[in-house]
Structures are given as structure tokens and as C-alpha cells.
Amino acid sequence: MGGFFGVTSKTDCALDVFFGVDYHSHLGTRRGGMTIYDPQYGFQRQIHNIENTPFRTKFDKDLIDFHGCSGIGCISDSDPQPLLVRSHLGLYAITTVGAINNAEELVKQYFSDHGHQFMAMSSGKVNSTELIAALINQKDDIVSGILHAQELIDGSATVLILTPEGIIAARDKLGRLPVLIGKNENGYCVSFESFAYQKLGYENAYELGPHEIVKITPDGYETVSPAGEEMKICAFLWTYYGYPNSNYEGKNVEVMRYRNGEIMARNEKKNGTLPDVDYVAGVPDSGLPHAIGYSKESGYAFARPFVKYTPTWPRSFMPANQSVRNQVAKMKQIPVPELINGKKLLFVDDSIVRGTQLRETVDFLFSAHAAEIHMRSACPPIMYGCKYLNFSRSNSDMELIARRTIQELEGDEGQKHIEEYADSTTERGKCMLKTICEKLGFNSLGYQSLDGLLEAIGIDRNKVCTYCWNGKE
């Protein structure tokens, strides 16, 4: 995924950009970057690897060298950015969030002559932000260029551009991610997360619609390309990615998660599948609010049978190596024996993707003498890897435990019945649940239904992207 923050002000804004970007650190673990513009000093830019050291620590020493009244920054889970681009459109800085599925095709189709070259990353792939900038530069102005790039891209592209005149913010054409504007007495900011600017003393000013492009200066903001009618905002923003304090489309993340847990428990009571347990708990940290809602509705006490030790390992995704990540996840888990020994526990996790770490968590709990472990996922079975925001790093759908289980049960024939497997009321759905339950060592397993999840979010379901669950765009 990734996050972004920008400011254009009548006063020096470097500190606001620094703290605003830092407040997006939960959205990525690979690279962090800042670019500040000052008429005297020009563009000042710095990019750091943040895989093993947080953004704040890496950029703290750079602050003394940043001066200017406008700037943008990002947390990136892939490309080094922001980039500085010099073209017939002038010199500007650009940062993007999204995914380009047809990057190689675009390079071959539009840049196949000998006059174009791209810097390759270590993987050999083209930097997505550099490609978007190249597409923008094919047009005579930045706004037309952004629209051109978004039209050609198979995937998504949310864009922030810093020019000497201010900031141009463009939400993805289907609004898969939010773009919000805040204001204070000195100017305006633009952000992925609303809490980031509220904490810095800005108040809500505007939320861009899908495909909308806005120009922002210290004196105000104006729409330079209108919003579209269709929206497909990512449901995982509420389920997992979004920070608890944030609001998207007017719906708070933490409130949604409480509601989501309540709906899960309500439906289990109705269906007679609510197990008898001593405590309801959340898999820390993102499962906790879902579990609080589940506890309230089920009537079972909420507890924290284990906690994460974060002072030395504060980041959930790092390092990049999967086996080391699994070991780090194991080292983080510190039990509370009095809440585990001999207890029947029901855990709620935000999602079940590959299942690797969850299996190790269950082993850890049983080794601490839990009597029973019941698991609930706060969203439906994930059947498709995200091709819009890269929220899952799966290289193949077969890395997903649900799809892998289907293949084990029926082979290729089973892949023709994914919708049926996703429905826990069908025979195939029950069979998949039972198999995953046995594979991961649970006493029982349940998933939130897609209807329940959409009810918890509370906006028009046609405006929410559910691709990872049902494959529908």
C-alpha cells in the first residue's frame, strides 16, 4: 500500500510535512520520502529505506536542511519516491499510491523508441511513479496528463504533485483510496489519513470524489477536473489498513470495527454457531476492536490473553523475508498465562490471508495450555490477490489459504466454484471451513459474511470494492 501527506502554507511547513508523513507509517514499510519547495533553495528532497528503522528516526536529521512553504512526502511499500521530474511541464515532484498491472505493456507501447529509458529497481521492474510521470508528460499540462495516465493504467493511481505554484492532488479514477484536504490559519494540507492533519491543528475542509483533481495553494483549493459518478473504495481501509481515528466517506474506522464484530456475533447467535467460551479476544492489534464488538454482542467477557511486545519490534510487516517475519511475529507474542491456562478462547482477527502466522499463534496458545481456541475472521475468505492496491503481497492466488484449500479439496474443478466455497452455508463452504479449521488447529472457525461486512461499513455497497472476496470489479 502506501500513504502520503502534503502542505502548502504561508509559513515554513517542513515540520508539518514531517509529522504528517510519519503518521502514515502504518501504511508501508519499504521507503519514506520528503520533498520541500522554497523559491530561494528550490526543491529539497530526501528518500530513505525504512525497512528496519522508522520514518521518524531516519528523517529526524534531515529536518534542519529542509526549508520551504510547500512540500509533499510519502510512505511507500514499493517504489522510492517522491521523484523529481524535469520536462516540458516544468520541474515538479511527484508521489503516487496504487498499482499498475500493465506497466510492461505501457512501456512497450508508449516508450519503445530509443529516446526513452527508465531506471530499473532491483527486481528489474519499472518504478511505477516514474512511469506515471512519463505518461503525464505526454500531455500539454499536468491535469490533462494525470487524466491520460489514469485512463491508460490497469489498476489504480492516486497522485500528488508539488510544483512551485502549489500542490495538485488527484484521487484514483474509481476512488479506491481517500484524499482529504485540511486547513488552518496559514494554509492547507492534503492527506490519506484525516487524523494526521487534525493532530497537527488542521480542520476538515474537503474530501475529493473519485477521479477528482484539485489544485491547492496557501489561499485555498479549487477543483480543476470534476469528480466522477462511480466509486469503488477499498473495504480493507475499514477492516484493516485504516488507522482507528480516521474517517473515509464519513465513516469512522474504529466505529465500523466495533459494529463489524457485533454483526458477526449477532449472526452467530441467530444461526446457533456461537461457541461457549470464557473470553473473547482480538489478535493484536487490528483484531482488537472487532473483538470488542463481538464481546459486547455475544455477552462473553473481553480479555487480552497475549500482547505484542513492540518496543524492539514495533512494525508488523518487517523485515521483508517471510521466514524472518514469522520468527519476529512469534517473538512478539507475550502470553498472560492466567488468561490462557485451561481457558476456552475465541479470537477475532482482521482477516486470514495465508494462515502461516495464525497457525503459529494457535500453537503458541495451546503450548500455554489453552483448553480451546475458536477463530473468527472479521472479513470473508480472501479468494483473490488485490490487483489495485497491493494490500496482499501474494504472488499467486494459490498463496491464499482459501484458494489453496479449494485446490486441495477438488483440484482445478474446485476453482470453478469459488463463489460457492465462499458461502459458509453451502456444502462446499462448510467443507472448506472444516478443512482450514483442521489445518490451522482451531476448535471452530467462522468468517464474517460479505453482507455483514458491507452492513458494518454502512455506505452504498455498490461504491465499495470487494474484489479480493468475490473477484467482482
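Each reported figure results from applying straightforward, stated rules to the coordinates on display, with no laboratory input. Since this is a predicted model, take the numbers as computed values, not measurements. We place every Cβ from the backbone using ideal geometry, glycine too, and count neighbours over all the protein chains shown.
As a rough footprinting exposure proxy, the listed residues Cys13, Cys437 were ranked by other beta carbons within 10 Å of their own, and the order from fewest upward is Cys437, Cys13. Label zone (Ser225, point 7 Å along Cα-to-C-beta; backbone nitrogen cut-off 15 Å) within the range 148-191: 148-162, 168-176.
Partner lysines whose Cα lies under 19 Å from the Cα of Lys269, excluding those fewer than 8 positions away in the same chain, are identified as Lys296, Lys344, Lys430.
With everything on Cα atoms, drop me the angle between helix 142-152 and the longest principal axis of the chain, reported from 0 to 90° to the nearest 10. Compared with the principal axis, the helix lies near 40 degrees. Pairwise Cα distances in the range 2-231 exceed 21 Å in 51 percent of cases.
Output the antiparallel fraction of DSSP beta bridges having both residues in the range 251-470, as a percent to the nearest 5. Given both bridge residues lie in the range 251-470, the antiparallel proportion sits at roughly 15 percent.
Return the subset of Lys332/Lys387; Lys173/Lys463; Lys308/Lys434 for which the Cα-Cα distance in this structure is over 24 Å, preserving the input order. Table pairs above 24 Å Cα-Cα are Lys332/Lys387; Lys308/Lys434. With helices as the sole contributors, the chain gives -8500 deg cm²/dmol at 222 nm; each DSSP H run of n ≥ 4 counts as -39500 (n - 2.57), and the sum is divided by every residue. Of all DSSP bridge pairs formed entirely within the chain, close to 80 percent run antiparallel.
For a quick check: sort Tyr300, Tyr467 by the number of other beta carbons within 10 angstrom, fewest at the front.
Ascending Cβ contact count within 10 Å gives the list Tyr467, Tyr300.
Partners of Lys472 within straight-line reach, counting aspartates and glutamates whose Cα lies under 12 Å from its Cα and excluding those fewer than 8 residues away in the same chain: Glu419. Less than 22 Å apart at the alpha-carbon level, and either on another chain or at least 8 residues along: which lysines does that give for Lys199? Cross-link targets: Lys10, Lys58, Lys183, Lys251.
Can you pull out the GluC sites (Glu not before Pro) in the range 192-278 that DSSP calls coil and that have at most 15 other Cβ atoms within 10 Å? Could you put the intermediate results ahead of the total?
Working: sites: Glu193, Glu203, Glu207, Glu212, Glu222, Glu229, Glu230, Glu249, Glu254, Glu262, Glu268; in loops: Glu193, Glu212, Glu229, Glu230, Glu249.
The qualifying sites are Glu229, Glu230.
Which number comes out as Rg/Rh for the chain once both Rg and the Kirkwood Rh are worked out on C-alpha atoms? Rounded to two decimals, Rg/Rh equals 0.99.
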